Amino acid sequence: MLPFMIVDSAHAEVPDWVKSSAGWWAAGEITDTDFAESIGFLIEEGIMQVAATGTAGQADSEIPDWVRNNAGWWASGDITENDFIGGIEYLVDTGVIHVDTGLADGVVIIVEESEFQKNADAPVKEEWMRHAPAGDKIDYPGVAIDTFRDAIHVTYGSTVGGSSNVMIQTSYDMGLTWEDPVRVNTDEGVADMPHANPPYIEMGPDGELYVLYNVGYDGPEWVERGFSFGYTALFLTRSDDGGKTFTPAMMVEPETGPGGQVGALHSKTFDSMFVADDGRVYVTWLDSRGKQNDSFLPTEVKIAWSDDGGASFEKSRTIKTKACQCCVTSGSTGTDGEVFVQYRNIVGNFGEPNIRDVVVSRSNDYGQTWNTPILVADDGFEIDNCPHSTSTISTDSAGNLHSAWWTQGGQSPGTYYAVSSDGGETWTDPLFLHGDGEWYPATTIKISMDADDNPVIFWADKTVEGGAVKYTQIVDGKSTGIVDLGTGDHPWSDSRDGITALVWVSDGKIMMKSWHDGA
């Protein structure tokens, strides 16, 4: 596992009182324990980068004279702050001074909300709005492992002063340090804070980096056009230099975009993206035409693809008409041209009991045509509204399909896993991962395949205050046990070439845990 590191690109200015403490400590006027408290402050503020080894307090062994001398020289201005901090980092790294990070082993903080974001109020809810704006924050991280550059890329939504952008940060040392944030969306402030899944980030076969994000259009005019919850367009952008710069974003299927005529508008939400080995970029979404011209049409699951690196898209195909309106799609490719898309189906008409269970549709011709959806599990989840959740699907190197999802149906509401070895035609009995027995709130769940083709499944347990991020590994069809990473929500993951990385949000911070598979 990686050591815990507080991410800071450079040593910040050390407060005067810490410098005074260093002088008193060097002169023997305060104890090692008192001085350790000032070191804990430097670490909590991100001024120092250290490996975590325990709890801040008195040293376990004698502190070398050169470190104590450094403290005195620094207090008197004879050496620089960097020289002094280097000596303290040595003490922590060698275990002489212990530091309580308050975080699970291997967890790093990538970025934190500013004081302005923390203190900002949500905008006033207008009469035409069905949902109150979320206010300023950072949230919904995504992650991609870049084996071409030995890097990890993390995306997230950032709202400041009511203006939202999609940001990306990159680490070249497994999370030890992070490059400055780069804006992904083409135009400043023209992006939406995600609301179910992150800005999708995927690597292409030649090292290209793709990001899919939303742009929302709302206001009374969109209610008049038939979109009571606003209208959303999808944009795809590409980076060929590892996230330093991005191409102008291309709208997915602009002919049904916001500039079209009433009656031909298609709002695209709860999207996903995946890239085939041949470089084809697939985008799936839930397609809503609202109630244009007073005519209501059901939600459809749609797919489109680009064969030119996101410069253009083929006309979309309909996978399924009538699906759960607010549950995220998920897709994967097979080993012989198959394409799989998972979503939450609806059985039942308006005013009748609605059964909303997770299904998988399959295409044998690279997405041109689609078969009848197959149930992953017959949960019998009955609900007359949308639970607003994710489900997730992935393919291993042998072509087996692995699915994870949340349900409130069945005998034990919670999170589940199943596998199919025949292209989604049949599935194993659901493996119960975690739940309550009576009530388990809708959640984000994500599956990744490690280097040994073992699924690693991440989710947020919202039965506890603030949520709790958990994960488990499936080996030989059984869970190896649940690991609790602490408070948080909206986990997302990627696994590639023997590395797994998990990101989530906790108390206004984007967190990450990464490891070498099998370590």
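The values are calculated or read from the model by the stated rules, or taken from the named source; none is laboratory data. Just so we're clear, the structure is a prediction, and the values are computed from it rather than from any experiment. When we count neighbours, we look across all protein chains shown, and the Cβ atoms used for this are built from the backbone with ideal geometry, even at glycine.
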>> Of the conditions (1) surrounded by 14 or more Cβ atoms within 10 Å (Cβ to Cβ); (2) at pLDDT below 95; (3) aliphatic (A, V, I, L, M), Val464 satisfies every one except a single condition; which number is it?
In response: (1)
>> Condition first: in contact with a Gly (Cβ under 9 Å, 6 or more places away or on another chain) and hydrophobic (A, V, I, L, M, F, W, C). Now tell me which residues in region 372-405 satisfy that.
In response: Ile374, Val376, Ala377, Phe381, Ile383, Ile393, Leu401
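Filter region 380-415 for residues that are outside any strand (DSSP E or B) and aromatic (Phe, Trp, Tyr) and give the result.
Within region 380-415, Phe381 is the sole residue that qualifies.
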> So which residues in region 381-406 are modelled with pLDDT under 95 and under 23 Å from Ala460 (Cα atoms), if there are any at all?
Replying inline: Phe381, Glu382, Ile383, Asn385, Cys386, Pro387, His388, Ser389, Thr390
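Got a sec? Which of Glu425, Glu438 is exposed (fewer than 15 other Cβ atoms within 10 Å of the Cβ) and out of contact with any strand residue (DSSP E or B) (no Cβ under 8 Å at 6 or more places or on another chain)?
Glu438
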>> Show the residue pairs meeting these rules: Cβ distance below 7 Å; 6+ apart or different chains; first residue within region 182-199 and in contact (Cβ under 8 Å) with a residue 24 or more places away in the chain; second residue acidic (Asp, Glu) and outside any loop (DSSP other than H, G, I, E, B).
In response: Met193/Asp139
> Which members of region 21-51 meet the condition of being under 17 Å from Asn69 (Cβ atoms), modelled with pLDDT of 75 or more and out of contact with any helix residue (DSSP H, G or I) (no Cβ under 6 Å at 6 or more places or on another chain)?
Replying inline: Trp24, Ala27, Gly28, Glu29
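Conditions (1) assigned to a loop (DSSP other than H, G, I, E, B); (2) surrounded by fewer than 21 Cβ atoms within 10 Å (Cβ to Cβ); (3) within 20 Å of the chain's Cα centre (by Cα); (4) not aromatic (Phe, Trp, Tyr), marked per residue:
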{"site": "Asp187", "(1), (2), (3), (4)": "yes, yes, no, yes"}
{"site": "Pro194", "(1), (2), (3), (4)": "yes, no, yes, yes"}
{"site": "Asp206", "(1), (2), (3), (4)": "yes, yes, no, yes"}
{"site": "Glu221", "(1), (2), (3), (4)": "no, yes, no, yes"}
{"site": "Gly243", "(1), (2), (3), (4)": "yes, no, yes, yes"}
> Does region 412-423 contain any residue that is among the β-branched types (Val, Ile, Thr) and modelled with pLDDT under 95?
Replying inline: no
> How about region 500-511: which of its residues are farther than 17 Å from Tyr200 by Cβ and part of a strand (DSSP E or B)?
Replying inline: Thr500, Ser506, Lys509, Met511
>> Being in contact with a Gly (Cβ under 7 Å, 6 or more places away or on another chain), in a strand (DSSP E or B) and touching a residue at least 40 places away in the same chain (Cβ under 8 Å) narrows it down to one residue among Ala460, Ala418, Ala451; which is it?
In response: Ala460
> Would it be correct to say that Trp515 is within 24 Å of Ala377 (Cα to Cα), of a type in the set (A, V, I, L, M, F, W, C), modelled with pLDDT under 95 and more than 16 Å from the chain's Cα centre (by Cα)?
Replying inline: no
>> Restricting to region 283-304, name every residue that is over 21 Å from Asp218 (Cα atoms) and surrounded by 22 or more Cβ atoms within 10 Å (Cβ to Cβ).
In response: Val283, Thr284, Val301, Lys302, Ile303
>> Between Thr329, Thr369, which is within 22 Å of His266 (Cα to Cα), out of contact with any Gly (no Cβ under 9 Å at 6 or more places or on another chain), surrounded by fewer than 23 Cβ atoms within 10 Å (Cβ to Cβ) and β-branched (Val, Ile, Thr)?
In response: Thr369
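Where residues in region 361-394 are among the small types (Gly, Ala, Ser) and more than 17 Å from Val347 (Cβ to Cβ), which of them is nearest to the chain's Cα centre (by Cα)?
Top of the filtered list is Ser389.
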> So how many residues does region 126-157 have that are at pLDDT 75 or above and in contact with a strand residue (DSSP E or B) (Cβ under 9 Å, 6 or more places away or on another chain)?
Replying inline: 22
> Going through region 380-395 one residue at a time, which ones are in contact with a Pro (Cβ under 8 Å, 6 or more places away or on another chain) and in contact (Cβ under 8 Å) with a residue 40 or more places away in the chain?
Replying inline: Ser394
> Considering region 353-366 alone, what residues qualify as being over 18 Å from Thr329 (Cβ atoms) and either surrounded by fewer than 14 Cβ atoms within 10 Å (Cβ to Cβ) or modelled with pLDDT of 95 or more (or both)?
Replying inline: Pro353, Asn364, Asp365
> Does region 451-503 hold any residues that are in contact with a His (Cβ under 7 Å, 6 or more places away or on another chain) and among the aliphatic types (A, V, I, L, M), and which are they?
Replying inline: Ala460, Ile482, Ile499
